[in-house]
Amino acid sequence: MAESMSGLKRSNRCGELNLQNEGQKVTVMGWVQKSRNKGSIIFVDLRDRSGILQIIFEEGKCSDAVFEKAAKLRSEFVIAVVGTVCRRAGAVNKNLATGEIEVVAEQLRILSESETPPFQIEENSKTKDDIRLKYRFLDLRRPDLQRNIMMRSKVAMVVRNFMTKEGFLEIETPMLMKSTPEGARDYLVPSRVHPGSFYALPQSPQLYKQLLMVSGYDRYFQLARCFRDEDLRADRQPEFTQIDMELSFVDIDDVIDVNERLLKTLFKEILGLDIQIPFQRMTWQTAMDRFGSDKPDTRFGMELHDVSDVVRNCGFGVFTDAIAQGGSVRGINAEGQGGMSRKKIDALTEFVRGYGAKGLAYIALKEDGSMKSSFAKFMSDEDMQALIKAMDGKPGDLLLFVSDAKNKTVYAALGALRIEIGSQLGLLDKNKFNFLWVTEFPLLEWSDEENRYTAMHHPFTMPMEEDLQYIDTDPGRVRAKAYDIVLNGTEIGGGSVRIHQDDIQEKMFEVLGFTKERAHQQFGFLLDAFKYGVPPHAGLAYGLDRLVMIMAGADTIRDVIAFPKVKDASDLMSGAPSQVDPKQLEELGIEVSEEDGEEE
C-alpha cells in the first residue's frame with residue numbers, strides 16, 4: 001500500500017551525489033531501476049532524471065521492518081530512502097557517475113507501487129516504436145530520452161538569454177488566426193459564435209511578426225508553436241516549435257551575423273564546442289550543381305559532375321535524348337567502390353527510381369585496370385575514356401550516372417543517392433557539425449499541378465534588385481533575397497528579406513496569379529498596415545526540434561519531443577484525433593458523414 005512522504009524532504013537528486021558527500025545523511029526519491037536480493041543484503045538501483053544511485057539495505061543496519069519492505073521492491077516502484085552516503089564496499093562502477101558511492105539505507109517508504117511495465121526502462125531501447133509511443137509516459141523515463149528533453153529545455157533557455165541580450169523582445173502572436181492557404185494545408189478550428197466560419201492554427205507567425213515591425217518593435221523573437229497539415233517524416237511533425245525572429249532596418253548580412261553568433265553560443269553552452277564563424281556561404285545554384293540538393297551535406301565529398309557536354313554526341317541514346325530535350329547527364333564518383341556487387345548496384349537503381357529517375361547507368365573501374373559498364377557497348381572507347389576522365393575516375397572507383405529531360409529529376413535522384421551511399425559507407429559523422437548558408441534561391445517555382453508560378457518561400461520575399469528586370473519576361477530567372485541555414489544536410493532554419501515597397505509587392509502578387517481582390521481578401525490586414533510606413537525588415541526561423549535532434553545525435557525529432565505524433569498524425573498514447581460528443585458538433589453547426597467520416 002502506498003505511503004505518504006509527509007515529514008520527508010528530498011535533499012538531493014540521485015545523480016548529484018559523489019565522494020564529496022561521504023558520511024552525509026541524505027534523503028533521495030525516485031524509481032526502482034532494479035532490485036537484487038542477496039539474502040542478508042538487498043541492492044537497489046534508484047533512478048531519477050539526474051542518474052542512477054545504488055542503495056543497499058543490510059540486515060543489522062536497518063530495522064527488520066525496513067528490510068522486509070525492501071524485499072518487496074520491484075521495477076518502477078516509487079520510493080523514498082533516508083540513509084548515509086558511503087564509499088562503495090565492492091567494486092567501483094565506472095559506467096555510473098555515482099559509481100564510487102552507495103547509500104546505506106535506514107528508512108524506506110514505498111510512495112507508489114507499479115505494475116510490470118510493458119518494456120524495460122533502459123537506454124537505446126529495442127522495443128517497437130508503436131509500443132513505446134503508446135506508453136510514452138514510460139518511454140520518457142528512459143535516461144537517453146530524458147537527456148534529450150533536458151537539452152531541449154536548455155537550448156530554449158540559452159536562446160532566450162542570447163536574444164534578450166541582443167535587444168530582442170519576446171512577443172507572443174495569436175494561435176487562432178485567419179486562414180491564408182498559400183502554402184501547406186491549414187489546421188482549421190470552427191467558430192461557435194460565428195457559425196460557418198473558421199480560424200486557422202498558425203503555420204508560422206509570419207504575418208504577425210511583419211506587423212510587429214510595422215508597429216516599431218524593431219527586434220522580435222518567439223519560441224512559436226506552429227501547425228501544418230502535411231505528411232510526416234523523420235524530421236517533420238504536424239505541430240512543432242520555431243525559434244522565430246524578425247529585425248527592422250537590416251539586410252542579409254545583419255541577419256546572418258546575429259544568427260551565426262547565436263549558433264556559436266548554443267553549441268558552446270550546450271555541447272562545449274567552439275564552432276568557427278563566419279560559416280561558408282553557397283548560392284542555391286551552386287549547391288544544386290555540386291550536391292543535387294538545396295540543403296547539402298558537406299561532411300563528405302562525392303560531388304556531382306555535369307558530363308552533358310562530354311556525352312552530348314555519344315552513341316548512347318539514353319544520354320543524348322535527355323540532353324536534346326533540354327535536360328542533362330550528371331554523375332557521382334563513389335571512390336573505392338568499383339568492386340560493388342551487381343545486386344547492390346541494382347538496389348541503388350531501385351533507390352533512384354523512387355526519386356523519378358528512369359534508371360542508373362554505371363562504370364565499375366576494377367583495381368586490375370579492367371572495366372565493367374551497363375552502357376559501354378553503346379559508346380566508343382574514346383568517348384568512354386573521356387567520360388571517365390571527366391569523372392576523375394581511377395582504378396577501384398564506381399561511377400554512377402543519371403540522365404533526364406528534367407534537371408530537377410537528375411538533381412533529386414543523384415542528391416539522394418549521394419546521401420544514401422555516404423550513409424552506407426559511414427561518412428555521415430554525427431560528431432562533425434558542418435554549417436552552411438544557402439543563398440540566392442529562386443524567387444518562384446513552377447507548379448505543374450496549379451499551372452502557375454508559386455512562391456518558393458512565401459509571397460513577401462524580396463527579389464534581388466538586379467533581377468527585377470526579369471519579373472515579367474522570365475520570372476523563373478529571378479533570385480530571392482532568401483537564405484537557409486543548413487547543418488549536416490538538414491535545413492535547420494530559413495528566412496528572407498521582406499518586401500516593404502508597395503509596387504514590388506503588387507507585382508509579386510500579379511506574378512503569382514493573384515487578383516487585387518484575392519490578395520486583399522487573404523492578406524488585407526497586412527497590406528492595409530503597409531500603407532502606414534513600413535521599415536525595411538528581414539527575419540529567420542529555426543525548427544527547434546530539428547536543431548535539437550542534430551545536437552543530441554538523435555535519428556528522429558520524435559526523440560526530442562515529449563509527446564510526438566506518428567506518421568498518420570495520430571497520438572497513440574491519448575488516441576487523438578478522436579470523435580467528439582454530438583452536442584459539440586451541433587453547437588458548431590457541423591455534421592459528420594457516417595460513410596467516410598469527412599466533414600461536410
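Observations
- Some residue of region 226-236 being within 18 Å of Gly494 (Cβ to Cβ) and small (Gly, Ala, Ser): no
- Selection count where residues are open to solvent by less than 20 Å² (accessible area, probe 1.4 Å) and farther than 20 Å from Asp306 by Cβ, scope region 350-364: 1
- Hey, Asp129 modelled with pLDDT under 95 and more than 19 Å from Tyr208 (Cα to Cα) or not: yes
- Pairs with Cβ under 8 Å, 6+ apart, first in region 393-415 and closer than 19 Å to Lys344 by Cα, second acidic (Asp, Glu) and crowded, with 18+ Cβ neighbours inside 10 Å: Ala413/Asp404
- Residue in region 378-392 that is part of a loop (DSSP other than H, G, I, E, B), over 21 Å from Phe300 (Cα atoms) and either at pLDDT 95 or above or open to solvent by less than 60 Å² (accessible area, probe 1.4 Å) (or both) present: yes
- Reported count of residues in region 36-80, each being basic (Lys, Arg) and open to solvent by less than 10 Å² (accessible area, probe 1.4 Å), is 1.
- Across region 504-523, the number of residues qualifying as over 33 Å from the mean Cα position of the chain (by Cα) and either within 22 Å of Asp467 (Cα to Cα) or surrounded by 12 or more Cβ atoms within 10 Å (Cβ to Cβ) (or both) comes to 7.
- Filtered by the rule that a residue be open to solvent by 20 Å² or more (accessible area, probe 1.4 Å) and over 18 Å from Tyr411 (Cβ atoms), region 301-321 gives Val310, Arg312, Asn313, Gly315, Phe316, Gly317, Thr320, Asp321.
- Test: residue in region 237-252 that is under 30 Å from Phe563 (Cα atoms), without any contact (Cβ under 8 Å) to a residue 40 or more places away in the chain, open to solvent by less than 60 Å² (accessible area, probe 1.4 Å) and in contact with a strand residue (DSSP E or B) (Cβ under 7 Å, 6 or more places away or on another chain): no
- Among the criteria (1) more than 30 Å from Met151 (Cα to Cα); (2) touching a helix residue (DSSP H, G or I) at 6+ places or on another chain (Cβ under 8 Å); (3) not aliphatic (A, V, I, L, M), the one Asn12 does not fulfil is (1).
- Considering region 162-197, the residues that are in contact (Cβ under 8 Å) with a residue 40 or more places away in the chain and among the basic types (Lys, Arg) include one that is most open to solvent (accessible area, probe 1.4 Å), namely Arg185.
- For region 45-98, a residue qualifies if it is under 17 Å from Glu22 (Cα atoms), free of Cβ contacts under 8 Å to residues at least 12 places away in the same chain and not β-branched (Val, Ile, Thr), and the qualifying residues are Gly90, Ala91.
- Which numbered condition Leu207 misses (of (1) open to solvent by 40 Å² or more (accessible area, probe 1.4 Å); (2) in contact (Cβ under 8 Å) with a residue 60 or more places away in the chain; (3) not acidic (Asp, Glu)): (1)
- Restricted to region 275-371, the set of strands (runs of 3 or more DSSP E) holding at least 2 residues that are touching a helix residue (DSSP H, G or I) at 6+ places or on another chain (Cβ under 9 Å) and without any contact (Cβ under 8 Å) to a residue 40 or more places away in the chain comprises 361-365.
- Test: residue in region 116-139 that is open to solvent by less than 20 Å² (accessible area, probe 1.4 Å) and basic (Lys, Arg): yes
- Residues in region 207-230 that are within 18 Å of Arg546 (Cβ to Cβ) and in contact with an Asp or Glu (Cβ under 9 Å, 6 or more places away or on another chain): Phe221, Gln222, Leu223, Ala224, Arg225, Cys226, Phe227, Arg228.
- With respect to the conditions (1) without any contact (Cβ under 8 Å) to a residue 60 or more places away in the chain; (2) within 24 Å of Ile388 (Cα to Cα), Gly272 lacks only one, and its number is (2).
The values are calculated or read from the model by the stated rules, or taken from the named source; none is laboratory data. Note that this is a predicted model, so its numbers are computed, not measured. When we count neighbours, we look across all protein chains shown, and the Cβ atoms used for this are built from the backbone with ideal geometry, even at glycine. These accessible areas exclude ligands, DNA and RNA; they are computed on the full protein's heavy atoms, side chains included. Shrake-Rupley method; radii C 1.70, N 1.55, O 1.52, S 1.80 Å.
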